[in-house]
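Participant: Below are the structure tokens for one structure; questions will follow.
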Amino acid sequence: MTVAVGRRVADWAPAAVVLVAFFGLWEGIVKGFHIQRFLLPAPDAIWHAFRSNQPALWHEGWFTFQEALGGFAIGCGVAIVFAIVVARWEGLGSALMPYTIAANAIPIIAFAPITNAWFNPLNKTSKMVIAAVLCFFPVFVNVVRGLRSVKPEQLELMRSYAVGELTVFRLVRVPTALPFFFTALRVASVLAMIGAIVGEYYGGSLDSLGANIEQDASLFQFEKAWAEIAIACIFGIGFYLAVALVERFATRWQPRMDTAGTS
Amino acid sequence: MVRAAGVGQGARRAGLLLLVLAVLWGAWEGFRALGVHYHWQHPFPVDSTSMPHIHDMLRALFEHPNAASPLLIVTLLKAAAFTAKEAALGFAMGTVGGFVIGAALAHSRMLQRGFLPYVVASQTVPILAIAPMVVIWFGSQHVTAWVSVAVIASYLTFFPVAIATLRGLHAADHRALELMRSYAAGTWTVLWKLRFPTALPYLFSALKISATASIVGAIIGESPSSIQGGLGGAILNFAQYYTFQPQNLWATNLIAALLGIAFFLVVVLAEKIVVRAAPENVA
Amino acid sequence: MTNVVEIQGVSKQFKGGTVALQDIDLQIEQGEFVSLIGPSGCGKSTLLRIIGDLIEPSRGTVAVNGKSARQARRDHDYGIVFQDAVLYNWRTVAKNVALPLELAGWPRERRQQRVEEMLDLVELRGFGDHHPWQLSGGMQQRVSIARALSFEPALLLMDEPFGALDEMTRERLNAELLQIWEASGATIVFVTHSIAEAVFLSTRVVVMSPRPGRVSKVIPIELAQPRTAETREDPRFFELATEVREALHFGGQVEVIA
């Protein structure tokens with residue numbers, strides 16, 4: 001599912017309308033019904049809190065984002081290595097797949113206190129580990145699928161050229177697996193950010209978003225908490241879009257859905 | 001002959017399961033033994049606090065964490081049931097909500113363009129951060145605390161279901177659609193007899209993800225609300241005493257892991273019954 | 001004249017017991033165009049792959065170009081074309097055709113030159129920078145043929161290459177293939193389901209029958225070369241097609257009696 005880096009105004013207009021309507025409605029309901037600020041602050045109050053805390057907010061956001069990025073890199077890297085190994089040995093892959101899927105069903109986030117115990121909770125590493133584990137599974141499963149989705153005729157063709165396995169891997173399996181890889185990468189980008197923030201929830205440096213959100217919420221400073229959530233969204237969406245952009249570039253040879261292609 | 005083959009396969013699967021567990025056990029204990037012996041500090045200091053023996057974790061289940069409480073396993077199973085209740089409700093709400101959203105977006109291109117970006121963006125919002133506010137608001141509306149946790153769980157659940165519904169409802173072969181048109185079938189008939197069955201495999205893939213997501217949402221949703229009855233509360237509790245009794249937290253996580261897997265297996269079972277075919281072996 | 005392909009006593013049994021081929025003897029001379037035709041399960045595709053050393057025979061010997069099939073594959077003595085064009089979407093048409101040359105380590109200049117020649121041969125000049133998905137099915141197959149010939153191999157193996165195309169495109173590509181055959185001087189082994197195609201293209205038609213797969217009849221096609229649209233209207237064409245058809249049916253009947 002690609003983010004529409006939209007081509008026509010008509011593609012963008014409905015979303016823009018919804019955005020404006022959403023904020024308008026929010027503002028209207030809060031002011032109109034006099035909803036207490038501790039339940040739901042008005043957008044302009046949040047905006048005010050955002051503006052007045054900007055340097056701190058960006059600093060915290062960047063801190064947390066580094067954890068997310070680190071975890072993302074480690075998790076995806078390890079997943080690729082494992083996926084290559086598993087795809088290479090068919091029997092191993094089929095045997096292990098159910099276990100991987102079961103492992104995916106474990107609430108990873110429950111291990112946050114343990115990683116905090118292993119690594120200093122103020123240290124970025126403790127959250128990176130959580131983010132890494134969260135990123136691992138989608139990337140692993142999808143890369144294995146991608147590497148295995150090579151058609152038998154493509155392999156026969158390569159056999160007829162009498163080339164080595166490494167060449168087949170490089171020339172055929174990797175490009176075939178790329179679309180699957182990027183789909184997983186997009187999912188992982190969002191998971192990494194959330195994993196980092198929620199991990200901080202269980203104990204993290206005061207330079208981090210999660211710890212601050214928790215603290216501000218408990219001190220009833222909801223405008224600031226919402227502003228921090230907004231920053232988290234900005235970084236999260238930004239990360240996702242960055243990955244989507246790289247995907248667009250790396251797979252620009254993919255037939256577009258709107259082009260007439262016969263095959 | 002066929003039955004013998006089935007039994008053989010079952011035995012082989014069980015054997016493989018034991019083998020995998022044994023390998024994991026051995027890897028843990030092996031790493032621990034080496035780490036303790038050589039005083040490894042990287043990636044983290046390896047000692048009996050950071051890596052308790054697995055048999056200690058299992059033994060802790062059948063002990064009393066302190067003089068006043070029942071056996072740990074009793075407490076944990078009760079907590080698991082509590083969390084399961086929240087997760088189940090959240091799962092149900094999220095699935096229905098996700099399906100409705102997905103169906104609505106599938107129906108109208110305009111709606112899709114208007115709302116899809118936000119549906120996607122909604123997942124970047126760390127809902128768990130808004131959890132305390134959600135709980136307070138529901139509390140002021142006189143809703144019991146665990147229901148608000150269910151709401152949080154449903155937020156994590158609805159997204160995969162919505163996306164899968166959207167894709168699945170559009171996945172019908174255009175020739176099958178043409179056939180339906182030739183029968184002069186109405187929109188609802190087409191939806192029920194063609195689009196929905198075509199969407200089922202996508203839906204079940206998403207439900208497997210959502211099953212786990214609902215548990216995660218429930219566990220974490222409990223934390224800010226200081227709800228003691230569930231696994232989230234138990235985790236926070238034992239996290240505090242980790243340095244004294246690390247095996248209790250590990251035992252709790254073990255139960256949490258089993259709960260997650262159990263939810264997942266329930267969905268797999270449901271898929272087997274509904275679709276009456278082997279479930280797709282992909283997440 | 002040495003035989004390009006020398007098959008003696010080849011049998012193939014797959015795991016599970018299916019006897020795909022039994023005691024196949026076949027010699028193919030240089031410059032021939034030999035079609036393998038038969039119903040599903042007669043082993044024609046298997047035989048083609050055995051020639052290309054993509055499947056190993058259970059018994060018997062295969063010699064290609066005077067060497068073992070394995071050595072011939074290693075020496076790139078043949079090119080292969082499948083029913084699916086098997087082009088890589090992430091490479092341009094030119095890069096697709098250049099693939100075997102790249103793998104053999106040819107320098108870029110030489111590669112580019114050969115690719116141009118090949119694209120000319122299959123009448124796709126100017127399409128080098130396109131991507132496979134921008135081309136029609138027939139054009140994709142032509143790219144596949146260009147790639148298979150890029151080494152100027154002695155032997156071209158083709159497994160129902162036009163099977164997925166419509167009849168008109170098929171007939172046109174048949175004519176083009178014959179031109180390519182003449183221009184390149186390659187020997188062609190061609191698997192097909194279509195009687196008309198086999199008779200139109202070949203110098204010899206090998207009729208096979210299933211269960212177990214064997215050669216039931218070899219029919220020489222002495223129609224005049226070069227073959228054109230008129231050839232299809234020649235009464236002799238019709239007679240030969242009938243001969244092939246009857247051989248196919250007979251092969252089926254033998255099975256019923258046995």
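The values are calculated or read from the model by the stated rules, or taken from the named source; none is laboratory data. None of these values were measured; they are calculated from a predicted model. Counting neighbours? That spans all protein chains shown, and the Cβs are built from the backbone with ideal geometry, glycine included.
Participant: Can you confirm whether the range A:241-250 contains a residue that is under 28 Å from A:Ala42 (Cα atoms) and facing another protein chain (nearest Cβ under 10 Å)?
Facilitator: The answer is no, given that none of the residues of the range A:241-250 is under 28 Å from A:Ala42 (Cα atoms) and facing another protein chain (nearest Cβ under 10 Å).
Participant: Would you please name the residue that is surrounded by the fewest Cβ atoms within 10 Å (Cβ to Cβ), looking only at residues in the range B:163-198 that are over 21 Å from the mean Cα position of the chain (by Cα) and within 22 Å of A:Pro138 (Cα to Cα)?
Facilitator: If we take residues in the range B:163-198 being over 21 Å from the mean Cα position of the chain (by Cα) and within 22 Å of A:Pro138 (Cα to Cα), then B:Arg167 is surrounded by the fewest Cβ atoms within 10 Å (Cβ to Cβ).
Participant: Free of Cβ contacts under 8 Å to residues at least 60 places away in the same chain and within 14 Å of B:Glu86 (Cβ to Cβ), is that true of B:Gln228? Before you say what the answer is, go through the steps one by one.
Facilitator: Details: free of Cβ contacts under 8 Å to residues at least 60 places away in the same chain: yes; within 14 Å of B:Glu86 (Cβ to Cβ): yes.
In short, yes.
Participant: So C:Gln113 clears everything in (1) assigned by TED's automatic domain parsing to the domain that holds C:Ile28; (2) part of a helix (DSSP H, G or I) except one condition, right? Which one?
Facilitator: Unmet condition: (1).
Participant: Which of the residues spanning the range A:106-124 are farther than 17 Å from B:Trp250 by Cα and either in contact with a helix residue (DSSP H, G or I) (Cβ under 8 Å, 6 or more places away or on another chain) or facing chain B (nearest Cβ under 8 Å) (or both)?
Facilitator: Going residue by residue through the range A:106-124, those that are farther than 17 Å from B:Trp250 by Cα are A:120-124.
Of everything in the range A:106-124, those that are farther than 17 Å from B:Trp250 by Cα and either in contact with a helix residue (DSSP H, G or I) (Cβ under 8 Å, 6 or more places away or on another chain) or facing chain B (nearest Cβ under 8 Å) (or both) turn out to be A:Asn120, A:Lys124.
Participant: On to the next question. Taking the condition of being part of a loop (DSSP other than H, G, I, E, B), within 26 Å of C:Pro153 (Cβ to Cβ) and not hydrophobic (A, V, I, L, M, F, W, C), how many residues in the range C:1-47 meet it?
Facilitator: 6
Participant: While we're on this one: Assess whether C:Ala148 counts as being small (Gly, Ala, Ser), buried (at least 23 other Cβ atoms within 10 Å of the Cβ), in a helix (DSSP H, G or I) and assigned by TED's automatic domain parsing to the domain that holds C:Leu47.
Facilitator: So C:Ala148 fails the test.
Participant: Given the criteria within 30 Å of C:Asp53 (Cα to Cα) and assigned by TED's automatic domain parsing to the domain that holds A:Val78, does A:Val163 qualify?
Facilitator: yes
Participant: Of everything in the range A:84-107, what is in contact with a Ser or Thr (Cβ under 9 Å, 6 or more places away or on another chain) and closer than 20 Å to B:Ala211 by Cα? Give them in sequence order.
Facilitator: Result: A:Asn104, A:Ala105, A:Ile106, A:Pro107.
Participant: Something else: Among the residues of the range C:62-100, count how many are assigned to a helix (DSSP H, G or I), more than 10 Å from every other protein chain (Cβ to nearest Cβ) and in contact (Cβ under 8 Å) with a residue 40 or more places away in the chain.
Facilitator: 4
Participant: Filter the helices (runs of 4 or more DSSP H) completely within the range B:32-123 down to those with at least 3 residues that are free of Cβ contacts under 8 Å to residues at least 24 places away in the same chain and under 25 Å from the mean Cα position of the chain (by Cα).
Facilitator: Where helices (runs of 4 or more DSSP H) fall fully within the range B:32-123 and carry at least 3 residues being free of Cβ contacts under 8 Å to residues at least 24 places away in the same chain and under 25 Å from the mean Cα position of the chain (by Cα), they are B:72-107, B:109-122.
Participant: Shifting gears a bit: I'd like the full set of residues that are touching a Phe, Trp or Tyr at 6+ places or on another chain (Cβ under 6 Å) and surrounded by fewer than 24 Cβ atoms within 10 Å (Cβ to Cβ), limited to the range A:117-140.
Facilitator: A:Ala117, A:Trp118, A:Phe119, A:Thr125, listed by residue number.
Participant: Please find, within the range A:159-181, the residue that is surrounded by the most Cβ atoms within 10 Å (Cβ to Cβ) out of those that are of a type in the set (Val, Ile, Thr) and more than 8 Å from chain C (Cβ to nearest Cβ).
Facilitator: Top of the filtered list is A:Thr176.
Participant: Right, something else. Give the number of residues within the range C:40-64 that are of a type outside the set (A, V, I, L, M, F, W, C) and either closer than 19 Å to C:Pro161 by Cβ or touching a Leu at 6+ places or on another chain (Cβ under 7 Å) (or both). Show your work before the answer.
Facilitator: First pass over the range C:40-64, keeping only residues of a type outside the set (A, V, I, L, M, F, W, C): C:40-41, C:43-46, C:49, C:52-53, C:56-61.
Remaining after also requiring either closer than 19 Å to C:Pro161 by Cβ or touching a Leu at 6+ places or on another chain (Cβ under 7 Å) (or both): C:40, C:43-46, C:49, C:52.
The number of residues fulfilling the criteria is 7.
Participant: Please indicate, with yes or no, whether at least one residue in the range A:135-157 is within 14 Å of chain B (Cβ to nearest Cβ) and acidic (Asp, Glu).
Facilitator: Taking the range A:135-157 and keeping what is within 14 Å of chain B (Cβ to nearest Cβ), we get A:135-149.
If we keep only those that are acidic (Asp, Glu) too, we end up with none.
No, because not a single residue in the range A:135-157 is within 14 Å of chain B (Cβ to nearest Cβ) and acidic (Asp, Glu).
Participant: OK, next. Which members of the range C:1-56 meet the condition of being farther than 29 Å from C:Phe200 by Cβ and surrounded by fewer than 16 Cβ atoms within 10 Å (Cβ to Cβ)?
Facilitator: Within the range C:1-56, C:Gln8, C:Gly9, C:Gln13, C:Phe14, C:Lys15, C:Gly16, C:Gly17, C:Thr18, C:Asp23, C:Glu56 qualify.
Participant: Going residue by residue through the range A:236-244, is there one that turns out to be modelled with pLDDT of 85 or more, of a type outside the set (Asp, Glu) and crowded, with 23+ Cβ neighbours inside 10 Å?
Facilitator: Looking for residues that are modelled with pLDDT of 85 or more, of a type outside the set (Asp, Glu) and crowded, with 23+ Cβ neighbours inside 10 Å, one finds at least one in the range A:236-244, hence yes.
Participant: Further, regarding this structure: Looking at the range A:192-219 only, could you name the residues that are at the interface with another protein chain (Cβ under 9 Å from one of its Cβ atoms), outside any helix (DSSP H, G or I) and crowded, with 24+ Cβ neighbours inside 10 Å?
Facilitator: A:Tyr202
Yes/no matrix, rows are residues, columns are (1) under 27 Å from A:Arg252 (Cα atoms); (2) of a type in the set (A, V, I, L, M, F, W, C):
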residue: C:Gly38; (1), (2): no, no
residue: C:Arg49; (1), (2): no, no
residue: C:Val64; (1), (2): no, yes
residue: C:Gln83; (1), (2): yes, no
residue: C:Tyr88; (1), (2): yes, no
residue: C:Thr92; (1), (2): yes, no
residue: C:Leu99; (1), (2): yes, yes
residue: C:Ala104; (1), (2): no, yes
residue: C:Arg108; (1), (2): yes, no
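Participant: Can I ask one more? Listed residues C:Arg142, C:Arg211; which is farther than 30 Å from C:Gly9 by Cβ and more than 12 Å from chain A (Cβ to nearest Cβ)?
Facilitator: C:Arg142
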